[in-house]
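Trainee: I have a structure I would like to understand better, so I am pasting it below and will then ask my questions one at a time.
The values are calculated or read from the model by the stated rules, or taken from the named source; none is laboratory data. Here the structure is a predicted model, which means the values were calculated and not measured. All Cβ positions, glycine included, derive from the backbone under ideal geometry; neighbour counts span all protein chains shown. To get the accessible areas, we keep the full protein, side chains included, count just its heavy atoms, and leave off ligands, DNA and RNA. Shrake-Rupley method; radii C 1.70, N 1.55, O 1.52, S 1.80 Å.
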Amino acid sequence: MTTFVIVHGAGGSGWEWHRVAGELRGRGHDVVAPDLPCEDETAGLAEYADTVVAAVQERARTAPGRPSPGEGPARLVVVAHSLGGFTAPQVAERLGADRLVLVAGMVPLPGETGGQWWETSGYQRAARERADRDGVVARMDTDEEVVATFMHDLEPALTAEALQRGRDQAGRPMSDPWPLTAWPDVPTSYLIFGDDRFFPPEFLRRMVRERLGIDADEMPGSHAAYLSRPAELAERLVAYAGPTT
């Protein structure tokens, strides 16, 4: 059994991963997917990490028979989406995770803020190149633009619910310097969503090589592939949770 700890992205919630969670539980695994305090203007990266760690500890306390992190046969895999990449490495280090998986996730450098990341990671340059080449520009001023940018492959009913459940994102996590002095000593995998209109796949492949020194994997899907392709994503996560080599 593996416990998958999900760290959602900006303005999101644990609900976004409910379809993947159902697939994982159906395969005999456990899932912890807390809501981050993303609407709290006083909450920064430390508070985000505390929220996730507390949720994992609470699950261990209230789920008899399931070993605590670092104890017994269960494996612990921390999964981060988008802005969750700034929180998940802290969580993985604190809990002694067996693996860290970023899915379309931001990869920070020590001391870098989320606000700086857009330029220092090469994202802005990649977005400009894509706009010049393909005419694709990530916009989010209206619901229609949000759908076109983030969730263009969802069924209409699911799209409507996802929009309804969206939350405001406070700015504090974008201004906090990433607190770790180095990437944690945890085996790390990276999964790109090949139809992502927000984070261009070619940009992610380059960033992952430069910042993590690994080659990213890829599967189809929009930035919200956790909703549009839950079974395939769950299979990928289970594969990543296999024995560390």
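Trainee: Pick out, from GLY96, PRO179, MET207, the residue whose Cα sits farthest towards the positive end of the charge dipole of the chain, with +1 on the Cβ of Lys and Arg and -1 on the Cβ of Asp and Glu.
Mentor: About the Cα centre, the residue reaching furthest to the positive side is GLY96.
Trainee: Further, regarding this structure: How much FRET efficiency would the formula 1/(1 + (r/R0)^6) give for MET1 and ASP132, where r is the Cβ-Cβ distance and R0 is 41 Å, rounded to 0.05?
Mentor: After rounding to 0.05, the efficiency reads 0.25.
Trainee: Cα centroids of region 72-118 and region 180-241: how far apart, whole angstrom?
Mentor: Here the two parts' Cα centres lie 12 Å apart.
Trainee: Given N residues in region 103-215, what is its alpha carbon radius of gyration divided by 2.2 N^0.38 Å? Don't jump to the answer; show the numbers that get you there.
Mentor: Numbers: Rg = 15.5 Å, N = 113, 2.2 N^0.38 = 13.3 Å.
For region 103-215, the normalised Cα radius of gyration is 1.17.
Trainee: Continuing with the same structure: Pull up all non-local amide H partners of VAL5: gap of 5 or more, or a different chain, and H-to-H distance under 5 Å with H placed in the peptide plane.
Mentor: Close amide H contacts, sequence-distant or interchain: VAL32, VAL77, VAL78, VAL79.
Trainee: Evaluate the Kirkwood expression for the hydrodynamic radius of the chain, namely the inverse of the mean inverse distance over all pairs of different C-alpha atoms, and round to one decimal in Å.
Mentor: With all distinct Cα pairs of the chain included, I get 18.1 Å.
Trainee: Rounded if a/c is under 1.5, else prolate if a/b is larger than b/c, else oblate: which is region 38-152, with a ≥ b ≥ c the root eigenvalues of its Cα gyration tensor?
Mentor: prolate
Trainee: Taking 0.36 nm per residue of sequence separation and subtracting the Cα-Cα distance, how much length would be gained by fully extending the chain between ARG61 and ILE214, in nm to one decimal? Walk me through the intermediate numbers first.
Mentor: Numbers: separation 153, 0.36 × 153 = 55.08 nm, distance 3.56 nm.
Full-extension gain reported as 51.5 nm.
Trainee: Skip the ligands, DNA and RNA, and give the accessible area per residue of the chain with a 1.4 Å probe, whole Å².
Mentor: Per-residue accessible area for the chain comes out at 44 Å².
Trainee: Taking the Cα centre of the chain as origin, work out the dipole magnitude from +1 charges on Lys and Arg Cβ and -1 charges on Asp and Glu Cβ, in debye rounded to 20.
Mentor: The dipole magnitude comes to about 640 debye.
Trainee: How many percent of the accessible area of the chain is carbon or sulfur, using a 1.4 Å probe?
Mentor: 47 percent
Trainee: Additional query: For n ≥ 4 DSSP H runs only, could you compute -39500 (n - 2.57) per run for the chain, divide by its residues and tell me the 222 nm figure to the nearest 500?
Mentor: Result for the chain, helices only: -12000 deg cm²/dmol.
Trainee: Using a/c under 1.5 as the rounded threshold, could you call region 1-66 rounded, prolate or oblate? The axes a ≥ b ≥ c are square roots of the C-alpha gyration tensor eigenvalues, and prolate needs a/b larger than b/c, oblate otherwise.
Mentor: Cα axes put region 1-66 in the oblate bin.
Trainee: Please compute the contact order of the chain in relative form: average sequence separation of alpha-carbon pairs under 8 Å and at least six residues apart, divided by the residue count, as a percent.
Mentor: 24 percent
Trainee: Which of the trypsin sites (Lys or Arg not before Pro) found in region 130-162 are loop residues per DSSP with 13 or fewer other Cβ atoms within 10 Å of their Cβ?
Mentor: Answer in residue order: ARG139.
Trainee: Tell me the label-point distance for the pair ARG205, LEU163, using the 7 Å Cα-to-Cβ offset, in nm and rounded to one decimal.
Mentor: For ARG205 paired with LEU163, the spin-label model returns 3.3 nm.
Trainee: Right, here's the next one. Just need the Rg to Rh number for region 73-134, please, alpha carbons only, Kirkwood Rh. Intermediate results must be reported in sequence, preceding the final value.
Mentor: Values: Rg = 14.5 Å, Rh = 13.0 Å.
Ratio of gyration radius to Kirkwood radius: 1.12.
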